[in-house]
Structures are given as structure tokens and as C-alpha cells.
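Report on one structure; see the data block that follows.
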Amino acid sequence: MGVEAADGRAEERLAERAREHAQSRKRVVRQVRDARDRLTSTTGTKRSFEYELMRVFAQNKLSAGIAVALIAIATGWVAGWVTNPVMGVVGGGLVLAAHGFCVLMARAFLRVPPDKADLQSWRVRFVLAETVLGLTWVLALLIVTRSAAPEASTFLLVGMLIVVAVSAMIGSTVPVAVFASSLPVAVVVIAYFLLLHGMQGAVLAAMAVGTLLFFAIISARLYQTNLATIEARAEKDALIGELETAKTNSDEARRNAEMANVAKSQFLAQMSHELRTPLNAILGFSEVMKGEMFGPHSSPQYAEYAGDIHSSGQHLLSLINEILDLSRIEAGRYDLNEEALTLSFVVEDCHHLLKVRAKNKGVTIVERFEPDMPKLWADERSIRQIVLNLMSNAIKFTPAGGEITLKVGWTASGGQYVSVKDTGAGIPEDEIPIVLSNFGQGSNAIKSAEQGTGLGLPIVQGLVSMHGGTFTLKSTVRVGTEVTVTFPSERVMEALPAIASPSLAAQPHVPLAEEAPAPVEAQNVGALRRALFGPRR
């Protein structure tokens, strides 16, 4: 069993190492893919991020199409009102045409599949279209400079603010396009202000420069924000994908494990049945040979050998029975023959069965039962097996001079419990999960001369679970171990009132030959059955 535990720990280490290797391989693959995307990108970002930024740019162009067209119409109308209507219509028309061309290009980009889009080519197209749009804005604004109206300087400054603000807001995801549309307007307007004489031109030029820098900073911040949002969304999508993959793998592994567990239980049950038939023959013949029923052996050693064969066969039979019980419990084929029983009586019977064994080892068993407890609705064979397994473990690991305490009483919720507490070596906390696993044994069991199969506690857990109860194991090294099994209050049968028997004096005298007390007893038994279990259906 120690070798099996060591093999299990080695398999766990190998599995952990394999998981770490898989995670490392995923990180390397992700880093290589990111590096390849950055090398093939024109902006240093991942291609998917670059496409997403250009897609947002195109959508912003389409969304703001009507608003920009209205601004162009208003600019043309103001320019025509200040100077010449014809010139205003020409300027506004050029801006509308350039803007319409940008909108058509954005719509064409959105129709291209993401995996087939040449991002570098489309970036160049967007920059050229925005440059043309910026130049048409320059022409529309320069029309006003032909007038000597005092409002011309104010109109130029306001027009530049509008153009730069619209470009910064719409094209923030493509910074090159922002500079292509706003830089020509800003340069022309600043140059025009600097050509004016006096302090007014210098002040207006400084305001124009400050405005350009402000919107350049705003555009850069918007670009970083959009890029961070896209990266966060991509990481979230990747994480969701990994979680979905991990969940699928986990579900598949769980289904495989359940199928393997069922197949194992079926195999163990089948093999146990196949082994018990020849084993019973071995036990029978060895018992005949040990008892020398057909005459004495020629050598006394033969009788001793027959006794060894019989004891080994009994040990093997008990092991097969435990495996069979465990496989039935795990496969859900263990049937409970439930009946009303007194828990303290069952525990006391188990105590009597193991009293000689405990006495031979020098272990004292103390009983602490609460009196007058009602009956429990449970399977008596299962309850006996639970108590015998717990007491056998306690006797096995309690040294000479130790003490075992058996308790039976009420739980706080109205149920009943049985507790087995010993003063043995105890179980280290990190070994408790091993002890509770199938074929698991702690270090004390491995060192002990009385090694078992490691199936006692798993069988107890399975039987307690089938009764709807709970199993609790508390242990302290060099102090002892206490195992408590509780049964729910639904299984406790409340004390029923006694059924009144009819008075003998009130009954008419019946001759001895005609007396029939059986029907009266049958009535009492029937009334008791109806009180306990309800009317027959």
C-alpha cells in the first residue's frame, strides 16, 4: 500500500508538471503570435487591434456624415453671405464632395472581410482622402479672406476650431488621418493671422496654435483610450475562450472519469463474484483438512498448513466482500433493508463481538449511551458494518492500556449519532484525505503490523451517505481520533402511545375449545403496524 501511495504522489507530480508545461507552451505561443502581429503591422500594434481601430474610424465617419455635411453647408452659406454667393456655393460644394468621397471609402472598407483587408493600403487611402478634405476646407475658409469685413478673422478662427475639433473627435483612432485633415487648415489660418499687422494678428495666431496643440493632445488621449479598450476587450474574449475550452475539457474529463469509475465498479463486482465461488471451495476443503475429518494427516505440519490456508482464505474473502460492498455503493446498487432498530442496542452488540479482541490487546472500551432513545429507521446490517469498521480501526491503532469510548446520543437538530473515540497515535491533518480515499492508508497504518485494505472508512462514508447522514473525522497526533456518524431527524421514530387492550371482564365468556385469542393479537399487531407505518396501500 505504501508503494501505491508513492505511485499516486508521483502521478500527481507528473500531472502538475504537465499542466505547468502546457501553460508555459500557451504563453510562448501567445508571445510569438503577438510578436508576429507587431512585425507585420504598420503601427506596431497587433493586426487585429489595428483593424479594429480603422473599423471604428470608418464607423465614426458614417455616423457623423450628416452632421459634417450640415457644417459644410453652413460654412458655404456664411462664406457666400460675407463675399459672393457663387463662391460660397462653390466652397461648400467642394467640401461636400470631399466629405462624400470619404464616407463612400469608409463604407467600402466596412464591406471588406477582416482577413482580406490590406490595412496599409487602406490607411494610405484614408490619409489621402482626409488630406483632400482638409484642402477643401482651406478653400472654403479662404473665400472669406477676399472680404474686408471685420468678422473675417473671427470666422477663420471659429472655422478652424470646428474643423480641428471634428477631425479630432471622428478620426482619433487613426491619428495620421487627423493630422492630414486638420493640419492644412491650421497652417493656412495661422499663416494668415501672422501676415496681419499689429497685435491682433499675433494674438489670433497664438490662439490658433494653442487650439491645435490642445486638440492634438485630446486626439492622442482618445487614441490611447480606444486602444486600451480594444486590448481589454480582446483579453476578455481570449479569457472567455480559454474558460470555455477549460470547461469543455473539464466536463469531458469528468464524464470520462465517471465512466471509468462505473466500469471499475462493475469490473470489481463481477470479479468479486467470480472469485468468491472458488474461494468458498478452498475455505471448505481447507476446513475439512484442518479438522482432519477423514482421518489424521501423516505429518502434523499438514494440519498447520491447512489452518494457514483457511485463515488466508478468510482474509481474502473479507477483502473481496469489502470490495464488493464498495463497488455496489459507488454503482448505486447497494440495497438498504430498512427497519426500526435501537441504535444503542446495535452498538452494544458490536461491542460484545469485539470485546475479546480488545481485551487481548489490553484496550478498555467504555460505553456512554443516552437512555430511552426512540428507534431509528435504518438498515441494521449497514449500521453494524459502520460500527464494526470504526471499532476495528480504533482497536487496531490504540496501544495497550488505551481507552475507546462509544457514545450514542441526540444531535442538536433532533437526529441521533454514534461516536467512536480512541486514544491512539492519531492521524496527521495532511493525511486525513488519504485515509478517507479508497485503499488509502496513513503513515501509522503503513508502519503498523496490522495493515488493512484501506476500504473501511470509504465503505462507512458510503453507507452513511445512503442513510442521509454525515461523517466527521477529527484527529490529533499523539492524542487520538474521534469519528462521529450522525443520522438525520427524519429517520428518528418518535415514541408512540401504547395501544389499549380490551378488558377481559367486558368480554363474554367463551368455552376453552372455542377461545380464539389470535384475532385479538392480530388486531393489536395490525393497529401497531398502522400507527408505525400508516394504512396499507
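Every number in this text was worked out from the coordinates using simple rules, so none of it is lab data. Please read all numbers here as calculations on a predicted model, not as lab measurements. Note that we place each Cβ from the backbone using ideal geometry, even for glycine, and neighbour counts take in every protein chain shown.
Values as computed for the structure displayed
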| item | result |
| --- | --- |
| Residue order, fewest to most beta carbons within 10 Å, for 376, 222 | 222, 376 |
| Where labels lie 7 Å past Cα in the beta-carbon direction, separation of residue 318 and residue 236 in nm | 6.2 |
| Sites residue 489 and residue 281, calculated FRET efficiency, Cβ-Cβ separation with R0 45 Å, nearest 0.05 | 0.40 |
| Amide H partners (placed H, <5 Å) of residue 477, local residues excluded | 427 |
| Burial ordering of 182, 299, 318, 392, fewest other beta-carbon atoms within 10 Å first | 299, 318, 392, 182 |
| Cα-Cα pairs of segment 174-259 separated by more than 22 Å (percent) | 58 |
| Computed over segment 263-331: relative contact order in percent, which uses C-alpha pairs under 8 Å that are six or more apart | 53 |
